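Peer 1: Got a structure for you, questions after.
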Amino acid sequence: MTLVLVTILLPVVTGALLFLLPRADRTISVAAGTIVAAITVGTLLAAGNGEWSVHWLSRPFDAALHFGATPISFWIALLLTLCTACAIAVCRVERTRDFVALLLTLEGTMLGLFLARDLLVFALFWDLMLVPVFFALIGWGEHPATAWRYFIYNFAGGLTLLLATAAFGVIYGTTDVIGRAGVPLIGGWAPWIYAGFAFAFLVKTPVFPLHTWMPPTYSGLPSPMVSVVSAVQSKAGLYGFLAIAAAFMPAYVHEYATPLMALGAISLIYGAVIALVQNDVKRIVAYSSLSHLGLIVIAIASQNQLALDGALVYIVAHGLFSAALFLLLGFVEEREESRGLLRLGGLGWQNPRLSGALCIAALAALGLPGLAGFVGELIILIGVYQAGYVWPVVVALVAIVLASAYLLRLYQGVMNGPERDDLPVRPDLTWLEGLAIAPLLAALVLVGVYPRPILIHTVGAVQSVPRP
Amino acid sequence: LTIPFTSADWSAILPIEIVAGTALVVLFADLLSGRQQWRYLSIAIALAGVAAAAAIAGEQFGHAYDAFFGGFMTGGFATVFEEIVLIGTAGSLLLYGALGPAQRVAGTTAIMLWSACGAMLMAGAANLIAIFLGLELLSLGLYALCASVDRKSARESALKYLILSSMATGFLLFGSALLFGATGSVALADLVNPSLAGNPLFWLGAGMFLIGLLFKLSLVPFHMWTPDVFEGAPLPVTAFMSVVTKAGTLAVFARFTYAALPAGIGSKLLLPVWIVAAISMIAGNAGMLAQRDLKRLLGYSGIAQIGYILIAMAGSTPLGLRYAIYYLTAYAFMNLGAFAVAAAISGPGEEGAQLSNYQGLARRRPWLAAAMAIFLLALSGLPPTAGFLGKILILAVTVANGYVWLAAALIVGTAISLYAYAKVIRLMYAPEEGHRAQDAHPFVPLAWMSAALCAVVVVAMTFYPLTPSNVLPLVR
């Protein structure tokens with residue numbers, strides 16, 4: 001089935017072809033980019049379970065250029081294509097053509113990552129997806145140091161992933177393993193291999209002591225790209241935990257569950273507390289991301305089937321609401337030329353549509369029942385409790401209360417309050433912006449009331465270790 | 001007096017003879033051209049000769065033959081290294097097309113071809129005399145090439161190279177003499193004798209021999225000459241040194257470690273070499289951080305890259321040799337490509353090797369900048385390039401051979417190197433502030449073509465990793 005390959009190559013090739021357009025042609029690049037990203041949604045759905053594989057290496061271990069969606073990666077890939085299409089549609093940065101090309105390349109590389117069925121291909125795309133973001137940071141970022149921080153942190157993670165992949169391949173004899181039920185790796189170098197993978201995944205997610213690249217990256221990138229990066233790229237590590245660590249090294253995930261959970265719990269609380277006192281709206285969402293993803297790390301560490309199912313739902317939910325939040329705050333920034341919570345205020349009177357959309361996204365993020373965030377959180381908490389871990393559940397409940405506080409503070413600070421006279425007055429959400437946000441919000445509601453398809457796909461797809 | 005060599009001996013070194021003969025044709029054609037100096041004609045003749053030699057060397061791939069009483073061994077191993085040498089030579093020759101009439105192209109082309117003969121001889125050399133002969137032929141040409149432009153830094157570079165390289169040759173020669181004293185034979189094959197383990201002459205000789213090689217490979221702590229020599233020498237010569245000299249010397253090193261060491265001695269004798277390689281990977285990459293000149297930067301980069309190639313051979317497994325060759329090939333293309341971009345930007349005066357000239361390159365020359373970005377990504381081991389696959393293959397083979405600490409050193413070195421390479425990428429792609437670098441040359445077709453070709457190969461090698469499978473039986 002070559003549709004899988006088309007899905008991955010189409011954005012990359014279109015991205016490269018965009019460079020043949022005249023530099024100033026904004027409309028064509030945006031239109032072409034949006035259409036191509038929308039087509040990938042279609043090809044991904046059409047490809048379904050189709051796989052495409054060709055032999056790559058036979059020594060020192062077997063490797064194949066093997067692509068195809070697994071029940072887990074299908075939903076993340078779908079999220080990715082959806083977010084990219086929405087993000088490109090509202091691209092208004094300078095040098096639009098180059099930026100759209102980078103976004104498409106980013107989509108292609110991340111599709112390659114999530115659809116990879118071979119660990120070596122996974123490692124290849126893991127490093128490759130850093131490149132477009134690095135280019136965006138040096139071309140459009142606010143401060144050069146941000147680009148370095150992003151690149152060096154993630155490259156360090158990529159290197160340990162590379163070493164772990166090499167060792168895994170040597171011991172296992174093949175890297176063509178993702179999505180297959182394999183013999184778990186035990187003994188010898190296996191704990192070190194797990195450590196190599198875990199480091200890379202934790203940097204990417206990120207969790208507490210390794211997170212310092214994330215807030216400046218998220219606040220420095222233009223909002224269309226950060227919406228894709230925070231929605232999907234940050235899930236690469238969590239997906240790695242599900243598809244690689246939990247599937248092939250479950251014993252070590254279990255053995256080191258407590259430190260992993262502790263890291264998740266610290267991120268959960270730390271992110272929430274910092275988000276509560278930040279004044280940069282993008283940074284608030286960045287820290288809330290740190291907090292929310294900490295919950296997923298806890299779910300993975302618990303290795304309870306229910307919690308893992310909840311983790312996938314929450315991965316999708318977080319992707320949807322963080323993409324929506326970043327895009328909407330990008331609109332606010334474009335209109336008011338400021339991201340300061342103390343500077344902004346009272347926008348809701350003039351911009352009811354913008355205000356409503358932000359309200360839905362923020363409510364989804366704080367876990368209002370009926371929206372996607374709630375389903376994920378609830379299932380994770382039940383699962384983690386079921387697995388016998390009580391304290392992470394308590395920590396998570398505290399963080400969820402904090403989440404309501406900082407998200408309401410964000411919403412109120414931007415939309416409510418008296419109108420500021422010194423802020424520029426710009427029109428409300430245009431139809432195009434509305435059209436770009438609508439699918440994300442609709443999906444939030446849809447997953448909120450009917451998460452069953454995602455849940456059903458996960459059951460049985462993730463190996464879990466019976467609790468001792 | 002009868003010459004004891006048969007025609008089979010002479011046909012074994014046919015590729016070398018063709019390259020040497022081509023140099024004479026280049027000079028003769030230059031003589032006919034008079035004052036006009038048809039530099040493209042010189043390059044075209046030289047490339048034709050190189051292509052012919054490559055074709056014939058390829059024919060010899062499957063035929064192992066001991067020519068000159070075991071002095072030169074044809075077949076897989078020699079062929080592979082000869083091809084890499086020829087690729088490096090062709091890539092360097094193309095750069096002369098970018099450098100304008102100020103260079104005495106015909107003369108330098110001829111000398112470069114003769115130097116390449118030396119490296120090709122090293123590729124097949126199987127006794128100490130042939131090794132020395134090849135090394136000297138290679139080096140003598142390089143001294144002249146370094147000084148081939150009239151510039152103070154070039155003269156300094158030539159003198160520095162002469163003195164330090166002579167010292168390396170001295171080590172190698174002394175080591176060879178001691179090895180001869182230990183075995184009574186110049187053939188590398190006669191070193192494979194377990195009784196040598198107790199002979200101090202052997203240990204001393206092998207040690208000095210290896211030091212000579214490490215000097216030529218410019219590993220830390222024998223690396224000090226490299227950045228200065230690279231900076232001062234003309235661009236094509238720097239490219240030539242970074243690829244061809246390394247390929248020839250690596251061939252000798254590989255043959256020595258794989259075919260000449262007595263069983264059980266290798267791991268002890270070579271341990272210091274792996275330590276040196278590990279230090280080089282870290283120190284070479286760290287050295288790049290402070291550089292402001294692309295040629296110096298690539299000089300330091302080469303120190304680390306050779307370290308990567310060497311550690312693949314730790315443990316002396318056949319697979320290790322395959323991956324060393326794979327990475328060496330990839331390295332040749334990455335480096336030649338980077339030098340081609342440098343040549344296209346610097347133009348006739350060669351004043352453009354400073355990194356500041358790369359500022360805003362992406363706006364002025366998007367394709368050239370994209371090619372350079374690919375080479376830099378490849379050198380730092382990022383996908384989708386052969387540098388990525390080469391690194392993972394080397395990691396896998398070193399881990400499989402039990403040298404995990406070498407793999408760790410590679411990881412640390414690579415992490416350091418990223419900053420230096422990405423700094424150049426940032427310089428090219430960041431929106432310009434104020435200063436706008438001047439373009440000396442509008443369009444340099446040969447360098448441009450060379451860069452494009454190298455970029456395609458570097459990417460394609462990731463997905464079609466051709467590694468010669470049956471090389472090892474032909475080492476001995």
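Peer 1: Along the stretch B:206-219, what does the Karplus equation 6.51 cos²θ - 1.76 cosθ + 1.60 (θ = phi - 60°) give for ³J(HN,Hα), rounded to whole Hz, x for Gly and Pro?
Peer 2: 3J(HN,Hα) across the stretch B:206-219, in whole Hz: 4, x, 5, 4, 5, 4, x, 5, 5, 4, 5, 7, 6, 8.
Peer 1: For chain B, with only Lys/Arg (+1) and Asp/Glu (-1) charged at the beta-carbon, what is the dipole magnitude about the Cα centre, in debye rounded to 20? Working shown, then result.
Peer 2: On the way: 23 positive and 19 negative charges, 179 e Å.
Using Cβ point charges on Lys, Arg, Asp and Glu, chain B gives about 860 debye.
Peer 1: Looking at the square roots a ≥ b ≥ c of the eigenvalues of the Cα gyration tensor of the stretch A:119-218, which shape do they give, rounded for a/c under 1.5, prolate if a/b is larger than b/c, or oblate? If you can, show how the numbers build up before the last one.
Peer 2: Values: a/c = 3.06, a/b = 2.11, b/c = 1.45.
Cα axes put the stretch A:119-218 in the prolate bin.
Peer 1: Taking just the alpha carbons, could you work out the radius of gyration and Dmax for the stretch A:140-183, both in angstroms?
Peer 2: 16.0, 47
Peer 1: Per residue of chain B, what 222 nm ellipticity follows from adding -39500 (n - 2.57) for every DSSP H run with n ≥ 4, rounded to the nearest 500? It would help to have the intermediate numbers written out before the result.
Peer 2: On the way: 19 runs with 331 residues, N = 476.
It lands at -23500 deg cm²/dmol.
Peer 1: Kirkwood-based Rg over Rh for the stretch A:70-154 (C-alpha set), two decimals?
Peer 2: Details: Rg = 13.7 Å, Rh = 13.7 Å.
Over the Cα atoms of the stretch A:70-154, Rg/Rh equals 1.00.
Peer 1: In addition: For the stretch A:1-80, what log10 I(q)/I(0) values come out of the Debye formula at q = 0.25 1/Å, with one point per alpha carbon and no solvent?
Peer 2: -1.11
Peer 1: Another one. Among A:I400, A:I171, B:I3, rank each residue by its count of other Cβ atoms within 10 Å, from fewest to most, as a rough exposure measure.
Peer 2: Details: A:I400 20, A:I171 16, B:I3 7.
Least crowded to most crowded, the residues run B:I3, A:I171, A:I400.
Peer 1: I would also like to ask the following. Taking θ = phi - 60°, what integer Hz values does the Karplus form 6.51 cos²θ - 1.76 cosθ + 1.60 yield along the stretch A:107-114, in sequence order, with x for Gly and Pro?
Peer 2: 4, x, 5, 6, 4, x, 5, 6
Peer 1: What is the angle, in °, between the Cα long axis of helix B:366-380 and the longest principal axis of the Cα atoms in chain B? Nearest 10 is fine, range 0 to 90.
Peer 2: The angle comes out near 30 degrees.
Peer 1: Sticking with this structure for a sec: For peptide A:116-124, what's the mean number of Cβ atoms from other chains within 10 Å of each residue's Cβ?
Peer 2: Working: counts 0, 0, 0, 0, 4, 1, 0, 3, 9.
Taking all residues of A:116-124 together, the mean is 2.
Peer 1: Restricting to Cα pairs below 8 Å that are 6+ residues apart, what does the relative contact order work out to for chain B? Please round to a whole percent. Provide the component values of the computation, followed by the final result.
Peer 2: Working: 841 pairs, mean separation 77.3, N = 476.
Relative contact order, chain B: 16 percent.
Peer 1: Next question. Relative to the longest principal axis of chain B, what angle (0 to 90°, nearest 10) does the C-alpha long axis of helix B:128-146 take?
Peer 2: The two axes meet at around 20 degrees.
Peer 1: While we're looking at this one, here's another question. Report the per residue volume, in Å³, of the convex hull enclosing the C-alpha atoms of the stretch A:269-334. Walk me through the numbers before you get to the answer.
Peer 2: Details: hull volume 3.9 nm³, N = 66.
Spread over its residues, the Cα hull of the stretch A:269-334 gives 59 Å³ apiece.
Peer 1: Which of A:H318, B:H63 comes first, and how do the rest follow, when ranked by fewest Cβ neighbours within 10 Å? List each step's numbers first, then the result.
Peer 2: Working: A:H318 28, B:H63 12.
Ordered by Cβ neighbours within 10 Å, fewest first: B:H63, A:H318.
Peer 1: How long are the semi-axes of the ellipsoid equivalent to the stretch A:315-466, from square roots of 5 times the Cα gyration tensor eigenvalues, in whole Å, largest first?
Peer 2: On the way: eigenvalues 233, 66, 21 Å².
For the stretch A:315-466, the ellipsoid semi-axes come out as 34, 18, 10 Å.
Peer 1: Now, a different point. Hey, could you pull the Cα Rg and Dmax for chain B, both in Å?
Peer 2: 21.3, 75
Peer 1: Write down the Å³ per residue value for the convex hull defined by the alpha carbon atoms of the stretch B:198-318. Spell out each step's value before the answer.
Peer 2: On the way: hull volume 11.3 nm³, N = 121.
Convex hull of Cα atoms, per residue: 93 Å³.
Peer 1: Let me ask something else about it. Can you give the translational diffusion coefficient of the stretch B:33-150 in µm²/s, computed by Stokes-Einstein from the Kirkwood radius over Cα pairs at 25 °C and 0.890 mPa s? Write down the numbers at each step before the final one.
Peer 2: Working: Rh = 15.0 Å.
Taking Rh from Cα pairs, D becomes 164 µm²/s.
Peer 1: Give B:K246/B:K423; A:K204/B:K246; B:K152/B:K295; B:K246/B:K268; B:K160/B:K391 a once-over and call out the pairs whose C-alpha atoms are over 28 Å from each other.
Peer 2: Details: B:K246/B:K423 26 Å; A:K204/B:K246 38 Å; B:K152/B:K295 16 Å; B:K246/B:K268 24 Å; B:K160/B:K391 33 Å.
Listed pairs above 28 Å: A:K204/B:K246; B:K160/B:K391.
Peer 1: How large is the translational diffusion coefficient of the stretch B:275-338 in µm² per second when you combine the Kirkwood radius over alpha carbon pairs with Stokes-Einstein at 37 °C and 0.692 mPa s? Don't skip to the end; give the middle numbers.
Peer 2: Numbers: Rh = 12.2 Å.
Rounded to a whole number, D works out at 270 µm²/s.
Peer 1: Would you kindly calculate the translational diffusion coefficient of the stretch B:110-207, applying Stokes-Einstein with the Kirkwood radius from alpha carbon pairs, for 25 °C and a viscosity of 0.890 mPa s, and quote it in µm² s⁻¹ without decimals? Walk me through the intermediate numbers first.
Peer 2: Values: Rh = 14.8 Å.
Rounded, D is 166 µm²/s.
Peer 1: OK, next. Across peptide B:364-375, what mean number of C-beta atoms from other chains lies inside 10 Å of a residue's C-beta?
Peer 2: Values: counts 0, 0, 3, 1, 0, 0, 2, 0, 0, 2, 0, 0.
So the per-residue partner count for this stretch is 1.
Peer 1: Which of the three applies to the stretch B:8-63, rounded, prolate or oblate, going by the alpha-carbon gyration tensor with a ≥ b ≥ c and a/c under 1.5 meaning rounded? Walk me through the numbers before you get to the answer.
Peer 2: Values: a/c = 6.61, a/b = 2.47, b/c = 2.68.
Here the stretch B:8-63 falls in the oblate category.
Peer 1: I would also like to ask the following. Sorting B:W38, A:W148, A:W391 on the 10 Å Cβ count, fewest up front, what's the list? Intermediate results must be reported in sequence, preceding the final value.
Peer 2: Values: B:W38 16, A:W148 19, A:W391 11.
Going from least to most buried by this count: A:W391, B:W38, A:W148.
Peer 1: What is the stretch B:248-328's relative contact order, in percent, from Cα pairs under 8 angstrom and six or more apart in sequence?
Peer 2: On the way: 57 pairs, mean separation 22.7, N = 81.
Answer for the stretch B:248-328 is 28 percent.
Peer 1: For A:W56, enumerate residues with amide H under 5 Å from its amide H, sequence gap 5+ or separate chain, H modeled in the peptide plane.
Peer 2: The list, which skips near neighbours in sequence, is A:A63, A:A64, A:L65.
Peer 1: Once you compute Rg and the Kirkwood Rh from C-alpha atoms, what is the Rg to Rh ratio for the stretch B:150-219? Could the numbers behind the result be given before it?
Peer 2: Details: Rg = 15.7 Å, Rh = 13.3 Å.
Rg/Rh: 1.18.
Peer 1: Here is a follow-up. Hey, got the average number of other protein chain Cβ atoms within 10 angstrom for residues in B:289-295? Before the final figure, lay out the partial values.
Peer 2: Numbers: counts 0, 0, 0, 0, 0, 0, 0.
The mean count of partner-chain Cβ atoms within 10 Å per residue comes to 0.
Peer 1: Rounding to the nearest 10 and keeping the result within 0 to 90°, find how far the Cα-based axis of helix B:318-346 lies from the longest principal axis of chain B.
Peer 2: For B:318-346 against chain B, the angle is about 30 degrees.
Peer 1: Let me ask something else. What relative contact order, as a whole-number percentage, does chain A give when Cα pairs under 8 Å and 6 or more residues apart are counted?
Peer 2: On the way: 853 pairs, mean separation 73.0, N = 468.
About 16 percent, as a whole number.
Peer 1: On to the next question. Rounded to whole Å and sorted largest first, list the principal axis extents of the Cα atoms in the stretch B:1-100.
Peer 2: Reported extents, whole Å, longest axis first: 46, 34, 17.
Peer 1: Please quote Rg/Rh for chain A to two decimal places, taking the Kirkwood radius as Rh and restricting both calculations to Cα atoms. Don't skip to the answer; put the middle values down first.
Peer 2: Working: Rg = 20.9 Å, Rh = 21.9 Å.
Reported Rg/Rh, Kirkwood definition of Rh: 0.95.
Peer 1: If you wrap the protein assembly as shown's Cα atoms in a convex hull and average its projection over all directions, what's the area in nm²? Please report the intermediate quantities before stating the final value.
Peer 2: On the way: hull surface 158.6 nm².
Averaged projected hull area, Cα only: 39.7 nm².
Peer 1: With all distinct Cα pairs included, what does the Kirkwood hydrodynamic radius of the stretch B:126-263 come out to in Å, to one decimal, could you say?
Peer 2: Numbers: mean 1/r = 0.0646 Å⁻¹.
15.5 Å is the Kirkwood radius here.
Here, each number is a calculation from the coordinates, and none is a lab measurement. Remember, it's a predicted structure, so these values are computed and weren't measured experimentally. Positions of Cβ are backbone-derived with ideal geometry, glycine not excepted, and every protein chain shown enters the neighbour counts.
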